[in-house]
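Contents: one structure, followed by commentary.
The values are calculated or read from the model by the stated rules, or taken from the named source; none is laboratory data. Please read all numbers here as calculations on a predicted model, not as lab measurements. Methodologically, a virtual Cβ is constructed for each residue, glycine included, from the backbone with ideal geometry; neighbour enumeration extends over all protein chains shown.
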Amino acid sequence: MQLPSFAGFDLSGKRAFVTGATSGIGLGAATALARAGAHVICAARRAGPLGELHAAMEAEGLSCETQELDITDVDATRAAFSGLGAVDIVVNSAGMARHGPALDTTPEDFDAVMNVNLRAAYFLSTAAADQMIAADRPGSIIHVSSQMGHVGGIDRGVYCASKHALEGMVKAMAIEWGPKAVRINTLCPTFIRTPLGEQTLSDPARLAWIEEKIKLGRVGEIEDIMGPIVYLASDASAMVTGTALMVDGGWTAE
């Protein structure tokens, strides 16, 4: 009997590009990819945190470089990818939220959220895919979406709109780029303890409501997303594209 082979989760020899890499889920993604063996290009808007991240990565013996980038600048994003050389993995963790009642949403709020969560994600995807296709090599693009891309949420009209749109965008791009061996998926976490998330989780009443909705009975930690990121980045998920990996503790199961 011949046993089946398994590609595994080793990312040695791969090059990854991570946006929003200096905090929260982006930091977890960059760290997980580097520890799995990838050379990680960590992108964010501010030089200070990027320098701190680079030093921490080097101290652990991980392979990385940093790049200042505001992904809402489409021309700068395209220029960044044209100068990167071959990239095998792209993780987009940059995001924005302006929560509040839908009746209070201003056009400025709407445009700000959509500009980061949808417009920037769209053109980041096309820049990455264009580079991967031109290099004639398989690639994996991963967008950090949300469970709110699949359900509604209190005071989250604009945020939910942006994430539902992101989910549809990824499905369409997966159809287009599948024949070119470029995979694109979303990772959909529940509430995760991050500096941004603490604004919600610090409210005892809101935290109790959240924990009641999560079937596993707790909010997520950064460590909860690290394994799923490596899975979607690696050849272990070679047959996975155009889909959403839920890391929501069962929130959307009902």
Per-region count, the range 217-242, residues more than 14 Å from the chain's Cα centre (by Cα), more than 21 Å from Gly178 (Cα to Cα) and part of a loop (DSSP other than H, G, I, E, B): 4
Any hit, the range 94-110, residues being at pLDDT 95 or above, among the hydrophobic types (A, V, I, L, M, F, W, C) and farther than 28 Å from Val158 by Cα: no
Test result for Ala165, assigned to a helix (DSSP H, G or I), loosely packed, with under 15 Cβ neighbours inside 10 Å, aliphatic (A, V, I, L, M) and at pLDDT 95 or above: no
In the range 1-58, the residues that are more than 15 Å from Pro195 (Cβ to Cβ), small (Gly, Ala, Ser), touching a residue at least 24 places away in the same chain (Cβ under 8 Å) and not in a loop (DSSP other than H, G, I, E, B): Ala16, Ala29, Ala30, Ala32, Ala34, Ala43
Contacts under 6 angstrom Cβ, first residue in the range 181-202 being on the phi < 0 side of the Ramachandran plot, partner in a strand (DSSP E or B) and of a type in the set (Ser, Thr, Tyr), 6 or more apart: Arg183/Ser140
Failed condition for Asn115, given (1) in contact with a Lys or Arg (Cβ under 9 Å, 6 or more places away or on another chain); (2) part of a helix (DSSP H, G or I); (3) not aliphatic (A, V, I, L, M): (1)
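Here are some residues: Ser140, Ser162, Ser146. Which one is touching an Asp or Glu at 6+ places or on another chain (Cβ under 8 Å) and of a type outside the set (Lys, Arg)?
Values: Ser162 fails: touching an Asp or Glu at 6+ places or on another chain (Cβ under 8 Å); Ser146 fails: touching an Asp or Glu at 6+ places or on another chain (Cβ under 8 Å).
Exactly one of Ser140, Ser162, Ser146 is touching an Asp or Glu at 6+ places or on another chain (Cβ under 8 Å) and of a type outside the set (Lys, Arg), namely Ser140.
Among the listed residues Asp104, Asp155, which satisfies the condition of being touching a strand residue (DSSP E or B) at 6+ places or on another chain (Cβ under 6 Å), surrounded by fewer than 18 Cβ atoms within 10 Å (Cβ to Cβ) and either over 25 Å from Ala43 (Cβ atoms) or β-branched (Val, Ile, Thr) (or both)? Explain how you work it out, then say what you get.
Numbers: Asp104 fails: touching a strand residue (DSSP E or B) at 6+ places or on another chain (Cβ under 6 Å).
Unique residue meeting the criteria: Asp155.
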Residues (touching a Pro at 6+ places or on another chain (Cβ under 8 Å) and of a type in the set (Lys, Arg)) located in the range 149-185: Arg183
